[in-house]
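Chemist: Let me give you the structure first, and then I'll get to my questions.
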Amino acid sequence: MTQDVADRTVVDGVDVVGSLSPSRAGDFMACPLLYRFRTVDRLSEPHSPDAVRGTVVHKVLEDLFDLPAVQRTPDRAGEMLQPAWESILEAEPEIAEMFGEDGPEIGAWLASCRESLGRYFHLEDPTRLKPAERELYVETLLDSRLLLRGYIDRVDVAPTGEIRVVDYKTGKAPGEAFEAKALFQMKFYALVLWRTRGVVPAMLQLVYLGSGELLRYRPDEADLLATERKVEALWKAIARAQETGDWRPRRSALCGYCAHQALCPEFGGTPPPLPPVPLGRSDEETPE
């Protein structure tokens with residue numbers, strides 16, 4: 001399969017075969033058809049209260065570290081909530097549509113955002129933290145010419161050089177059976193940092209604000225080499241799906257949250273005709 005010159009992506013003088021983010025990799029692992037809808041068809045999806053809550057809470061936690069340490073209090077974070085919401089709404093006014101007749105009441109929804117922020121202060125003391133990076137864009141090019149990229153919520157660097165990668169989740173912590181899936185995203189980020197900085201992060205930390213829990217993991221080189229092999233295998237599977245047009249759905253409990261059931265064969269739908277998008281076209285990744 002050839003790549004259209006107009007759609008070529010060049011990184012450091014190298015034509016990449018494509019790019020992959022942890023979100024899109026997760027989409028393909030969950031359901032190849034969902035990956036197709038989001039990355040190939042680029043279908044729009046309605047804003048969801050849970051996703052927008054995550055965006056607002058992430059914004060407050062990012063801005064919180066702009067303040068002097070002594071001011072990073074629960075009350076101050078609560079005061080920052082409304083301005084953060086208004087700035088996001090100003091950038092994307094259509095978000096307000098989710099508060100229609102079938103949506104949540106905005107006052108109760110904002111209260112749920114405030115509850116998530118409150119749980120954060122039971123898990124970490126931001127007055128004692130000095131993040132090295134926030135909302136950090138990272139990328140690396142593998143030997144296979146596959147570009148890995150994404151946004152990391154927070155990177156902490158100890159005076160002795162150890163790196164901690166932190167990601168905020170406004171949902172609840174997964175059960176033990178699903179921890180590996182949750183950690184894949186963090187290992188993906190750790191792989192990129194290892195390839196770009198030459199240092200294996202000492203700690204991967206997921207902060208679950210929905211249930212007030214921390215999930216921590218200490219990776220090693222073997223973990224990250226295994227993650228690299230998994231990413232390469234995922235890309236080969238994506239390439240096969242692109243070449244054959246076989247983006248078969250995978251039914252699971254996650255289907256209840258999918259915005260594309262009307263187009264899914266599992267629910268009696270028919271996907272739209274495939275657009276002529278070359279495999280090498282990069283996926284798009286936004287902060288989560």
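Chemist: Full extension from Leu254 to Leu43: what is 0.36 nm times the residue separation minus their Cα-Cα distance, to one decimal in nm?
Modeler: Details: separation 211, 0.36 × 211 = 75.96 nm, distance 1.79 nm.
Contour length minus Cα-Cα distance gives 74.2 nm.
Chemist: Ranked by accessible surface with a 1.4 Å probe, highest first, in what order do His58, His47 come?
Modeler: Numbers: His58 15, His47 70 Å².
The residues order as His47, His58, largest area first.
Chemist: Please identify, among Phe65, Phe28, Phe267, the residue showing maximal mean-square fluctuation in a Gaussian network model of the chain using a 10 angstrom Cα cutoff.
Modeler: Result: Phe267 has the largest fluctuation of those listed.
Chemist: Here's something else I'd like to know. Shape call for the stretch 54-99 from the C-alpha gyration tensor, a ≥ b ≥ c root eigenvalues: rounded (a/c under 1.5), prolate (a/b greater than b/c) or oblate?
Modeler: Values: a/c = 3.05, a/b = 2.56, b/c = 1.19.
Prolate shape, in that a/c is at least 1.5 and a/b is the bigger ratio.
Chemist: Sticking with this structure for a sec: What span do the alpha-carbon atoms of the stretch 52-153 cover on each of the three principal axes, reported in whole Å from largest to smallest?
Modeler: Extents along the principal axes, in whole Å: 50, 38, 22.
Chemist: To continue, here is another question. Compute the length gained on full extension between Leu214 and Glu105: take 0.36 nm times their separation in residues and subtract their Cα-Cα distance, giving the result in nm to one decimal.
Modeler: Using 0.36 nm per residue and subtracting the Cα-Cα distance, I get 36.3 nm.
Chemist: Pull out the extension gain between Val70 and Arg229, defined as 0.36 nm times the separation in residues minus the alpha carbon to alpha carbon distance; nm, one decimal. Show your work: numbers first, answer last.
Modeler: Numbers: separation 159, 0.36 × 159 = 57.24 nm, distance 4.43 nm.
Full extension from Val70 to Arg229 adds 52.8 nm.
Chemist: Based solely on its DSSP helices, what 222 nm [θ] is calculated for the chain when runs of n ≥ 4 H residues each add -39,500 (n - 2.57) and the sum is averaged over all residues, nearest 500 deg cm²/dmol? Kindly include the intermediate steps, with their values, before the conclusion.
Modeler: Details: 7 runs with 108 residues, N = 288.
Helix contribution divided over all residues of the chain: -12500 deg cm²/dmol.
Chemist: Taking every pair of alpha-carbon atoms in the stretch 118-209, give the share separated by more than 22 Å as a whole percent. Provide the component values of the computation, followed by the final result.
Modeler: On the way: 1311 of 4186 pairs.
I get 31 percent for the Cα pairs in the stretch 118-209 exceeding 22 Å.
Chemist: Let me ask something additional. Picking from Arg36, Arg197, Arg119, which is most flexible by a Gaussian network model of the chain using Cα springs under 10 Å?
Modeler: Arg197
Chemist: If you don't mind, another one. Taking the simple approach of a point 7 Å from Cα along Cα-to-Cβ for both Ala262 and Phe178, what is their distance in nm?
Modeler: 2.7
Chemist: Separate question: In whole angstrom, note down how far apart the Cα centers of the stretch 175-221 and the stretch 251-273 are.
Modeler: 30
Chemist: Shifting gears a bit: Check Gly150: other-chain or 5+ apart residues with amide H under 5 Å from its amide H, H built from backbone geometry?
Modeler: Placed amide hydrogens put Val138 under 5 Å from Gly150.
Chemist: Let a ≥ b ≥ c be the square roots of the eigenvalues of the Cα gyration tensor of the stretch 155-270; is it rounded (a/c under 1.5), or, if not, prolate (a/b larger than b/c) or oblate? Write out the running numbers ahead of the final one.
Modeler: Numbers: a/c = 3.10, a/b = 1.55, b/c = 2.00.
Cα axes put the stretch 155-270 in the oblate bin.
Chemist: How much of the accessible area of the chain, probe 1.4 Å, is carbon plus sulfur, in whole percent?
Modeler: On the way: 7480 of 14900 Å².
C and S atoms contribute 50 percent here.
Chemist: Using a 1.4 Å probe, what is the accessible area per residue for the chain, in Å²? The partial results should precede the final answer.
Modeler: On the way: 14900 Å² over 288 residues.
That works out to 52 Å² for each residue.
Chemist: Related question: With labels modelled as points extended 7 Å from the Cα through the Cβ direction, what inter-label distance (nm, one decimal) is found for Asp63 paired with Phe121?
Modeler: Each label point lies 7 Å from its Cα, and together they span 1.7 nm.
Chemist: With the cut-off at 22 Å, tell me which of the pairs Lys59/Lys169; Lys59/Lys172; Lys172/Lys236 have Cα atoms farther apart than that. If you can, show how the numbers build up before the last one.
Modeler: On the way: Lys59/Lys169 12 Å; Lys59/Lys172 19 Å; Lys172/Lys236 32 Å.
Exceeds cut-off: Lys172/Lys236.
The values are calculated or read from the model by the stated rules, or taken from the named source; none is laboratory data. Just so it is clear, the model here is predicted, and its values are computed rather than measured. Using ideal geometry, Cβ is built from the backbone for each residue, glycine included, and neighbour counts are taken over all protein chains shown. Just the protein is used for accessible areas: all its heavy atoms, side chains included, with ligands, DNA and RNA removed. Shrake-Rupley method; radii C 1.70, N 1.55, O 1.52, S 1.80 Å.
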